[in-house]
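Below is one structure, written out as structure tokens; the observations come after it.
The values are calculated or read from the model by the stated rules, or taken from the named source; none is laboratory data. Bear in mind the structure is a predicted one, so any value in this text is a computation, not a measurement. Neighbour counts are summed over all protein chains in view; Cβ atoms, including those assigned to glycine, are modelled from backbone coordinates with ideal geometry. Note: areas computed on protein heavy atoms with side chains; ligands, DNA, RNA excluded. Shrake-Rupley method; radii C 1.70, N 1.55, O 1.52, S 1.80 Å.
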Amino acid sequence: MNPGAAARVWYASYGSNTHLDRLAAYIRGGRPVGAVKDFPGCRDPAMPARSVPVELAGAMYFATESPVWGGGRAFYDPHASGRVLARAHLVTAEQFADIAAQEMYREPGADLDLTRALTRGRDVLGDGRYETLVCAGRVDGLPVLTFTAPWAMDDVPWVPPSPAYVRFLASG
């Protein structure tokens, strides 16, 4: 375990990973429905110990272009006004690192040092999408972590999500 990381964390998903079957591809490996590629999965393939609904301060918006869904991808801006309905999954810090790596188009297998995200609320690991870690609070005494882009929602052009992506998000 890396310095500053909790043994378990809540991974807050606000997009397609709110669905456990979709998240399972990132955890166990495989190709989720609608995806164009396989994911290697986590070092620990155990599904989350619990999943609970959460509210995050901030706003969700859609930008860039999703190669899976077409249209915009979901991003989270913790500094915007509003609230985001999300789902928090209780996972190990190692699993969170592996899920984040796959979302960042990196190979899973390296632990993340969560110290900055846990102490400062944010840690920018790169300039790409989903390369910024955010600590959005605590549930049951454990940190609620997610990832998003390093930019603010007003810094990029918004791209409407595809109808298929909206239907998928609404089906959960």
Practice task
Tell me which residues, restricted to region 67-100, are in contact with a helix residue (DSSP H, G or I) (Cβ under 7 Å, 6 or more places away or on another chain) and among the polar types (S, T, N, Q).
Solution key: Q95
Completion exercise
Exception for A110 within (1) out of contact with any strand residue (DSSP E or B) (no Cβ under 8 Å at 6 or more places or on another chain); (2) crowded, with 17+ Cβ neighbours inside 10 Å; (3) more than 23 Å from A57 (Cα to Cα); (4) of a type in the set (A, V, I, L, M) falls at (2)
Practice task
Would you check if G4 is surrounded by fewer than 18 Cβ atoms within 10 Å (Cβ to Cβ), farther than 20 Å from V166 by Cβ and modelled with pLDDT under 95?
Solution key: yes
Problem - Residue tally, condition open to solvent by 40 Å² or more (accessible area, probe 1.4 Å) and either without any contact (Cβ under 8 Å) to a residue 12 or more places away in the chain or of a type in the set (F, W, Y) (or both), over region 63-84 - result: 1
Exercise for the section: Quick one: which residue in V166, V124 is open to solvent by 50 Å² or more (accessible area, probe 1.4 Å) and in contact with a Pro (Cβ under 6 Å, 6 or more places away or on another chain)? Expected result: V124
Fill in the blank from the handout: Checked region 18-52 for anything out of contact with any helix residue (DSSP H, G or I) (no Cβ under 9 Å at 6 or more places or on another chain) and farther than 26 Å from D111 by Cα; matches are V36
